[in-house]
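Following: one structure in structure tokens, then a few remarks.
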Amino acid sequence: MDDRKDDRKDDRRIFPCNQRSHNFYYDYERLNFVLRASGLSHLDFIRHIGCDFNTFMKVRHGLLPFDIELVRRIHARYPQIDLEWLLCGPAIRL
């Protein structure tokens, strides 16, 4: 039984992203992706797009959904980001 526990620990080392979602279904996942892609710290990113610190942090930590003003500001600074993806996430495939 102890061998199984050790195997699971090894899996976590080999596949560290097992439990993370990379589907960008959640607002905070898309926001964190944009933040990482910008190459800025979160404080510099907030200054760059000119948004409210508290709103940004609440969305970033999944406490609030995207605020339309935040989405508008991000898209104004980064027009290469698909607005529909930023607002809604990936398209649902039937």
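The values are calculated or read from the model by the stated rules, or taken from the named source; none is laboratory data. Computed from a predicted structure; not experimentally measured. Reconstructed Cβ throughout: ideal geometry from the backbone, glycine too, with neighbour counts over all protein chains shown.
In table form, for the structure just shown:
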item: Looking only at the range 47-62, and only at residues there that are in a loop (DSSP other than H, G, I, E, B) and within 15 Å of the chain's Cα centre (by Cα), the one that is surrounded by the fewest Cβ atoms within 10 Å (Cβ to Cβ); result: H61
item: Hits in the range 32-43 (condition: over 13 Å from Y78 (Cβ atoms) and either surrounded by 17 or more Cβ atoms within 10 Å (Cβ to Cβ) or touching a residue at least 24 places away in the same chain (Cβ under 8 Å) (or both)); result: N32
item: Selection count, the range 73-91, where residues are part of a helix (DSSP H, G or I) and either of a type outside the set (K, R) or in contact with a Leu (Cβ under 9 Å, 6 or more places away or on another chain) (or both); result: 9
item: The range 72-94 - residue that is basic (K, R) and at pLDDT 90 or above and, of those, surrounded by the most Cβ atoms within 10 Å (Cβ to Cβ); result: R73
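Quick grid of which residues meet (1) at pLDDT 95 or above; (2) in contact with a helix residue (DSSP H, G or I) (Cβ under 8 Å, 6 or more places away or on another chain); (3) outside any helix (DSSP H, G or I); (4) exposed (fewer than 15 other Cβ atoms within 10 Å of the Cβ):
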{"site": "R30", "(1), (2), (3), (4)": "no, yes, no, no"}
{"site": "F45", "(1), (2), (3), (4)": "yes, yes, no, no"}
{"site": "L64", "(1), (2), (3), (4)": "no, yes, yes, no"}
{"site": "L70", "(1), (2), (3), (4)": "no, yes, no, no"}
